[in-house]
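What follows is one structure encoded as structure tokens, with my remarks underneath.
The values are calculated or read from the model by the stated rules, or taken from the named source; none is laboratory data. Remember, predicted model here, so these are calculated numbers, not experimental data. Note that we place each Cβ from the backbone using ideal geometry, even for glycine, and neighbour counts take in every protein chain shown. These area figures cover heavy atoms from the full protein model, side chains too; ligands, DNA and RNA do not enter into them. Shrake-Rupley method; radii C 1.70, N 1.55, O 1.52, S 1.80 Å.
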Amino acid sequence: MNLLTYSIISAAIYSLIALGFTLIYRTVKFFHLAHGGVYTAGTYAAYTTFMLLQKIGSDSLIFNLIIATLVGMLVAGVLGILIDRIVYYPLRKMFASDLILLLASFGVFVFIQNFIQLIYGAQIFTIRTWPVKEGHHILGAVITDVQIAIIITSFVVMLLLWLFVQNTKFGKAIRAVSDDPVGASVVGINPEKTIIIVFFIGSALAGLAGTLISLETNIEPSMGFNAILKGIIAAIIGGIGSFPGAVLGGFLLGFAENFGVWKIQAGWKDTIAFAILIIFLLFKPEGILGIKIKTEKD
């Protein structure tokens, strides 16, 4: 049963990353690889905040973690906006191709990763400074308070995002800009304003995912590469552009990886992820809940 717990945690984190990535992809129509760098930056911001709060004498663990998480999400969200305004917006104004935008996003990712390493060094950090406590025994599994918090937070945020996109005026604006930016402009929707907010929300989700996973694993400058890799794979197998598909893809990937390494060596985890991706690309390229995304060429 512990395997089931680890699978749910991995699936929840992958789903959060995939949701943020999908939200941005649906709006700007290209692979935002710098999402992995934003994920890392948000995690380090949360780590730094948590350590500063401890240093100034704040002894409430829950308070420190909540503030650190919010700061991580805020930093990630603002960084996402800056990336769009400084890098992507000028390229969009010049009608740059998807390949140029993709290369630019990869360049931003490398820059962020190296900048973080320049500030913090290459050493590994951990936010887990609290005493180790015995977990709760549920149906033969042992689950800790931290793991419960990760699972509940992930599910609540995914539900809130779904309700926001489906039932709010801005959620409808996101869908309108995604489907037809020109048509959205005609009916009074500002596509660029929508894109700014989308980058903030999607990037904040990456910051949240990084902070949550840091409660279970270590923090290092290169952690964003694996995160964006799994996020993209989850988004593709779920159906690129589909919000429910991103969640389903994250869960499929999380469960497949953890149950796969239960039978074989842990080093095969990434291989399992790529194998699932190849299978879907060969036999079901539209993904589980794929939808056709319109591009400028259509």
For the stretch 16-155, the fraction of alpha-carbon pairs in successive 10 Å shells from zero, as %:
10, 33, 29, 19, 8, 1
Modelled FRET efficiency - R0 25 Å, Ile62 with Ile119, Cβ distances, 0.05 increments
0.35
Using eta = 0.692 mPa s and T = 37 °C, Stokes-Einstein with Kirkwood Rh from Cα pairs puts D for the stretch 192-288, in µm² s⁻¹, at 226 µm²/s
For the stretch 235-282, compute Rg over Rh where Rg is the Cα radius of gyration and Rh is the Kirkwood radius from the inverse mean 1/r over Cα pairs.
1.01
So how many Lys-Lys pairs in the stretch 2-283 land under 15 Å Cα to Cα, not counting same-chain pairs under 8 apart?
5
If you line up the long axis of helix 98-120 against the longest principal axis of the chain, both from Cα atoms, how many degrees apart are they, to the nearest 10?
30 degrees
To the nearest 10 degrees, the tilt of helix 169-179 (Cα long axis) against the first principal axis of the alpha carbons of the chain is 60 degrees
Within the under-11-Å Cβ sphere about Gln166, not counting Gln166, Lys/Arg +1 and Asp/Glu -1 give a net charge of +2
Cβ crowding within 10 Å averaged over residues, with 107-116, 68-77 ranked highest first:
68-77, 107-116
Consider the candidate values (i) 58, 48, 37; (ii) 56, 38, 33; (iii) 62, 45, 34; state which one is Cα extents along the principal axes in Å computed from the structure displayed.
(i)
If you count only protein heavy atoms and use a 1.4 Å probe, how large is the accessible surface of Leu118, to the nearest 10 Å²?
140 Å²
The rounded separation in angstrom of the Cα centers of the stretch 207-246 and the stretch 51-84 is 19 Å
Each residue of the stretch 211-224 in order: what ³J(HN,Hα) in whole Hz does its phi give by Karplus 6.51 cos²θ - 1.76 cosθ + 1.60, θ = phi - 60°, with x for Gly and Pro?
5, 5, 5, 5, 6, 10, 10, 7, 10, 8, x, 8, 5, x
How far is helix 2-28 tilted, in degrees, relative to the longest principal axis of the Cα atoms in the chain, given as a value from 0 to 90 rounded to the nearest 10?
20 degrees
For Val142, list long-range residues whose amide hydrogen, built 1.01 Å from N in the peptide plane, is under 5 Å from its own amide hydrogen.
Asn2
Starting from 0.36 nm per residue, how many nanometres of slack lie between Val110 and Phe155 once their C-alpha separation is accounted for?
13.2 nm
Loop-exposed GluC sites (Glu not before Pro) per DSSP, neighbour cap 13 Cβ within 10 angstrom, longest uninterrupted part of the chain:
135-295
Accessible area, 1.4 Å probe, largest first: how do Ile228, Ile86 sort?
Ile86, Ile228
Given 0.36 nm per residue, what is the gain on full extension from Leu82 to Lys55 after removing their alpha carbon distance, in nm?
6.7 nm
Accessible area of His35 in the full protein assembly, 1.4 Å probe (Å², nearest 10):
0 Å²
